[in-house]
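For reference, the structure is listed below as structure tokens.
The values are calculated or read from the model by the stated rules, or taken from the named source; none is laboratory data. Quick caveat, the model's predicted, so the values are computed rather than measured. Neighbour counts are summed over all protein chains in view; Cβ atoms, including those assigned to glycine, are modelled from backbone coordinates with ideal geometry. These accessible areas exclude ligands, DNA and RNA; they are computed on the full protein's heavy atoms, side chains included. Shrake-Rupley method; radii C 1.70, N 1.55, O 1.52, S 1.80 Å.
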Amino acid sequence: MTRLRSYVGGRWVEGDGSVHQIVNPATEAGLAEVASGGIDRAAALQYARRRGGPALRALSFAARGALLQAIADAIAGVREELIALAVANGGNTRGDAKFDIDGAIATLSAYAEIGRALGERTLLADGDSIPIGRTPRLVGQHILVPRQGVAVHINAFNFPAWGLAEKAAVAWLAGVPVLCKPASSTALVAHRLTEVVVEKQILPEGALSLLVGEAADLLDHVDVQDVLAFTGSGATAVSLRSHPRVVERSVRVNVEADSLNAAVVGADVEPGSETWALFVKDVVRDMTQKAGQKCTAIRRVLVPEAVADRVADELVESLRAVRIGDPARDDVRMGPVASRAQLEHVRQGIARLEAEGDRRTGADPVAPLGVEEGRGFFVAPTLLRAAANARAVHEHEVFGPVATVIAYSGQGDEAAEVVARGGGGLVASVYSDDTPFVRDLTLRLAPHHGRLFLGSAKIAEASPGPGTVLPTLIHGGPGHAGGGEELGGVRGLAFYMQRVALEGSRPVIEKILG
Ligand code: NAP
């Protein structure tokens, strides 16, 4: 069995100690293994800080942007190979795999473009100069400069390519080296992607390190100039945030965690209308794409009481038609969840939701196409109905092909109050062509979310749906969603940079800004 090696200190290193098997989640066949004992994490971080940091900081934004484009091109060059790996290791259909890998390429390219636009500068002005004295010569000016540490990126299993790229693109453009720790269960794609970037010698030495396997004592060695960006479960986030070294050294932390994303349908939306069709399509896509393992997937579907049965019936019909099986087959639309542990989580989660609601479709056993009986981590798309005052549906994210329909009165204030029970989310969507209703609900939902998707007939044809994260818009959300913020175009750079207020004479400050 191939053991994946880590890339640290400028070389590939094989770990030892406890071994984690990487399997194909459709067939359970072994694909590789990871072990990370014996890897000197302190030295890995120091190498990145000492070699990667200065080399990146010596480059302008435009030059760093050019590196990002070269990486995007290199990934595009092995796109088919990465898609095949994602199908084998992630339970991804070809479409799911493209979503991850093309998303990585697009995000790198978007940040390459931002680098080009920022040009030959090495620091950013944050706002305009501010008069601060009696003479116009004395001004204040905020600037952003790269931090001199390493960006530790701990990623979730569901987007091994995009997850690596969306965090790393922003860090590299800011001038900060990256140590990426992918999730063990789906590490093959991140590992191959790193191999390609290393083989092509695109980045300066030390700008990219990869730690496969357990983080172990990694966080014991983070330091004041480092940042930690984490995507994963809320429970792990709590332990990372409260890690004594992270607290003691005031390490900047960004968390992207669980989210109980809601979709609200307005009372104006007629069954069969364009907006209705958009809403149904988005819910079905979110439930089945990547077997529902998308942090932005719609989990709570709020519909006016009068149409709740109709919505549930239409969703059930579409979901029952989804062909489940080995995602390597062209006729399969939904593969398995990523690991046995996820399968158990999803089953337990469904049981928890079912205790307070009715299951309308989905139940084991599934008979997946092209898979030996009893094999694979398959779950049928599962739709439930629950009352708004059920608890689990607002508290517990079931990270699989699972959503719950909740009836409400059709009033915006009630919908907003029910959505807010989720405790903060990445994205909420409103489907309506009634602009005053949309405006009212937007203002009510906004404090609880990082992004709002406003679905209407006017955008139905062009819409990627609420589940797609765009590099130009921020990704993250308050409370339950982790309290973080990533991407958002140039905004995302600030996390990796130090904002400094300068006070001095205007000509000197203008000179510093270049
Ligand atoms: P997880 O168990 O928290 O793992 C996430 C990452 O943290 C993995 O790389 C994991 O490594 C690592 N990890 C686990 N324990 C750690 C520790 N004590 N110290 C350092 N690293 C540690 O989450 P998951 O089950 O992979 O991901 C699913 C969850 O992620 C879902 O709840 C989903 O909502 C959330 N998610 C959020 C977003 C977002 O953008 N907001 C995106 C995707 C997923 P190992 O794999 O080696 O254990």
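General remarks:
- Gain in span if fully extended, residue 205 to residue 135, counting 0.36 nm per residue against the direct Cα distance: 20.4 nm
- A 1.4 Å probe over all protein chains sorts 180, 295 by accessible area into 295, 180, starting with the largest.
- Straight-distance crosslink candidates among lysines, where the alpha carbon sits under 25 Å from residue 200 and sequence neighbours closer than 8 are dropped: 98, 167, 181
- The simple spin-label model puts a point 7 Å past each Cα toward its Cβ; for residue 446 and residue 351 those points are separated by 4.4 nm.
- Solvent-accessible area assigned to carbon and sulfur over the chain amounts to 51 percent, based on a 1.4 Å probe.
- Probe 1.4 Å, all protein chains present, accessible-area order of 296, 27, largest first: 27, 296
- Looking at the chain, the accessible area is 39 square angstrom per residue; that uses a 1.4 Å probe and ignores ligands, DNA and RNA.
- Sorting 190-199, 455-464 by their mean Cβ neighbour count within 10 Å, with the most densely packed peptide first, gives 190-199, 455-464.
- The Rg/Rh ratio for the stretch 348-481, using Cα coordinates for both the radius of gyration and the Kirkwood hydrodynamic radius, is 1.01.
- Scalar couplings 3J(HN,Hα) for the stretch 367-376, obtained by applying the Karplus form with A = 6.51, B = -1.76, C = 1.60 to θ = phi - 60°, are 10, x, 5, x, 10, 4, 4, x, 9, x Hz; x denotes Gly and Pro.
- Degrees between helix 340-354 axis and first principal axis of the chain (Cα, 0 to 90, nearest 10): 50
- Shape descriptor for the chain: Rg over Rh equals 0.99 (Cα atoms; Rh from the Kirkwood inverse mean 1/r).
- Fraction of C-alpha pairs exceeding 23 angstrom in the stretch 262-472: 42 percent, rounded to a whole number.
- A full extension of the chain between residue 238 and residue 457 corresponds to an added length of 74.8 nm, given 0.36 nm per residue minus the alpha carbon distance.
- Residues residue 344 and residue 62, FRET efficiency given R0 of 51 Å [Cβ-Cβ distance, rounded to 0.05]: 0.60
- Spacing of the two label points (7 Å from each Cα toward its C-beta) at residue 322 and residue 73, in nm: 3.9
- Helical runs (DSSP H, four residues minimum) scored at -39500 (n - 2.57) apiece and divided by the length of the chain put the mean residue ellipticity at 222 nm at -11000 deg cm²/dmol.
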